[in-house]
Structures are given as structure tokens and as C-alpha cells.
1. Could you work out how far helix 10-19 tilts from the main Cα principal axis of the chain, as a 0 to 90 degree angle to the nearest 10?
2. Using the basic label-point model (7 angstrom from Cα toward the beta carbon), what is the residue 261 to residue 303 distance in nanometres?
3. Grab the Cα-Cα distance for residue 238 and residue 11, subtract it from 0.36 nm times how many residues apart they are, and report the gain in nm with one decimal.
4. So if we plug the beta-carbon distance of residue 99 and residue 41 into 1/(1 + (r/R0)^6) with R0 = 25 Å, what FRET efficiency do we get, rounded to 0.05?
5. Relative to the first principal axis of the alpha-carbon coordinates of the chain, what is the inclination of helix 324-335, with its axis defined by its Cα atoms, in degrees from 0 to 90 and to the nearest 10?
6. Which angle from 0 to 90°, rounded to the nearest 10, does the C-alpha axis of helix 223-234 make with the longest principal axis of the chain?
7. Go from 0 up to the bin containing the longest alpha carbon distance in the stretch 102-190, width 5 Å each, and give me the % of pairs per bin.
8. Test of understanding: what is the full-extension gain from residue 147 to residue 223, defined as 0.36 nm times their sequence separation minus their Cα-Cα distance?
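Nothing in this text is a laboratory measurement; each read-out follows from the coordinates by a stated rule. All values reported here derive from a predicted model rather than from experimental measurement. Reconstructed Cβ throughout: ideal geometry from the backbone, glycine too, with neighbour counts over all protein chains shown.
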Ligand code: AHG
């Protein structure tokens, strides 16, 4: 077999990026490698998810006599484990855990980053073999390095992320991450077990033809949002259409598709849930960071997602995100009285 040595692995790529910064310590590269490792482990289990009825359901006991964990708990433990044992992370916040986890050991206390993540987003889709994902955002701590990290490290506005990314466990498994230098995508090559650079320098097309929203909630949305959705349905050749509606119910897959093809994803507030469903810190912020670096835009309908200063670890936010021209058009509708 001929191996294409022009294709960089995730580790090779992050090390190359590191060389551009002579003063860099390598902690971020190391952190991304840790996340890549956890992603590979989760990928193995996600691929076996359909066998769960044969091998034993969650709550059952496996042949080693251990409890069979639910996949989202498994994913949480994998990401938390690699970050705890790595050299770059002082603590984590996770969708699966009520409180942040301060690692508080000598190596971790001397690490400069904290990570917020959703270990397995779209987990309702596991049973039916539909793409799911992991989302993460990396922040430089505001607390003193050398001491345990503190709550304030996890309540920073998204514009303070130094990196953010996601893994989509789909027909291929991909890891996409952004730093201020750009967005790059890596596809897992199962033959060598490495993420390989497949989508260098991702740019979100300024316009697209896809809109993604839960239409079932239509009458729960505010009038301006309804009007924009109606406008999407009325698009034709004369005004950039026709548009196509695509909504998987796994935001990782929905936003990933729109990022590559151009489109807009919306999870607006509803009458019953004015802040919508999605979590600010580990769902909206990482995608807002990635999308902005790729040339797109993300708001909560009133302000830039990345400028919201969180007050709670698990707070929710409406989300509108995608191609710049589509977002600008949406904002015209949202501005109307
Ligand atoms: P969950 O992890 O509980 O399955 O939630 C998935 C999230 C997000 O990924 C997706 O876009 C959204 O919830 C779908 O919610 P609705 O079913 O309400 O549209």
C-alpha cells in the first residue's frame, strides 16, 4: 500500500503550528492530542452501539463483572480521564456533571487551560445509528497557575476561548478544531488509527441553501423568527433559493454540514423555554468560535454569542449560527418591531 506522506496527522499538524510560536510551551498541542485519543476510544464504542442489545444494555453487568456504562457516561469518563492525566488541563466542566471538576494535583495545578465539553451531543440518536458528536471549548485560566483552578475559570465569555472543536461520529469520524489561526478538519483513518488532515483551512461559504430548525416548534417561536422561516420557504431563483430544510437533531452534524456547505442553523427560544435548549458554554460557544473563525456568524438573536458573560455553568441560550449573508438577512427580520 502506498502511504501518502503529504497528509499530516493531527499530532504532526499541531506540532507544526507550535513551531510558529517559539515561546509556546506545547500545552495546547498536548491537550488536543489528549482529546484526539479520547475521541478514538469513544469512536470504537459508538461503532459498537448497535450491538448493545446483544452484548448487554446499560445497567447490565459485562463479562468482567463491571457495570456496562451508558455511552454518554463512558464518553464523559474518557474525555475527563485523558484531560486529568495529561499535562495541560487544570479542570473540566461537562454536560454530564452538575459541578466543575478541579483536578487539583501538582501537574494539573500547573496547567494553564480548563476545558468545557459536551461528551456526547445528540445522544438521543445513538439508538437509531444517526451521527452524534463531542463538542469542546478550551480557555486559558484566569486563576493563578500553580494553584487549583476556580469557578471563575469556567465562567468566561466565549471570546476568551483559545481553541474550540468538535468530533462528529458519522459515516467517517472527523475532528475539527479552530484556533485564532484557522479551522482545520481531520478524518480518522481507521487503518492507522490516526486523525489525518483532510479539510485544511475550512471557510464557511458566505451564502448557502440550507436552513436547519425544528419545525415542530414553529408556533412556539416569536413572530420575527417565524417570518424568517417563512421567507426561507419562499426562496426561489430570484432571491438565492430554493432553500432546503435539513435537521438531524444532532447539532454537531447539522452545524458541521452547514459549515462545509453553507447554511444557517437555528435553535430559537420558545414560549415555554425562552432561552431555548442548547447550553451556552459547551454547545453554543465552541461552535460560535469555530464558525466566526471560518468567516460565519453566531448570535442569540440579540447579541454575539461569544460576548455573553455566563453566570452559570449549565445556562442555556438561543442560537442562530451560520453563513454570514444568511445570518445578516436573519438579523434584518429579528430587528423588525
Ligand atoms: P440531546 O443530546 O439531548 O439528544 O440533545 C441534542 C441537542 C442538539 O444536538 C440538537 O440540535 C437539539 O438538541 C435537538 O433538539 P430538538 O429535538 O428539541 O430539536
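1. 90 degrees
2. For residue 261 paired with residue 303, the spin-label model returns 3.4 nm.
3. Computed gain between residue 238 and residue 11 is 77.1 nm.
4. Efficiency at R0 = 25 Å is approximately 0.55.
5. Here the helix axis deviates by roughly 60 degrees.
6. 80 degrees
7. Calculated P(r), rounded to whole percents: 3, 13, 19, 17, 17, 14, 10, 5, 1, 0.
8. 22.4 nm
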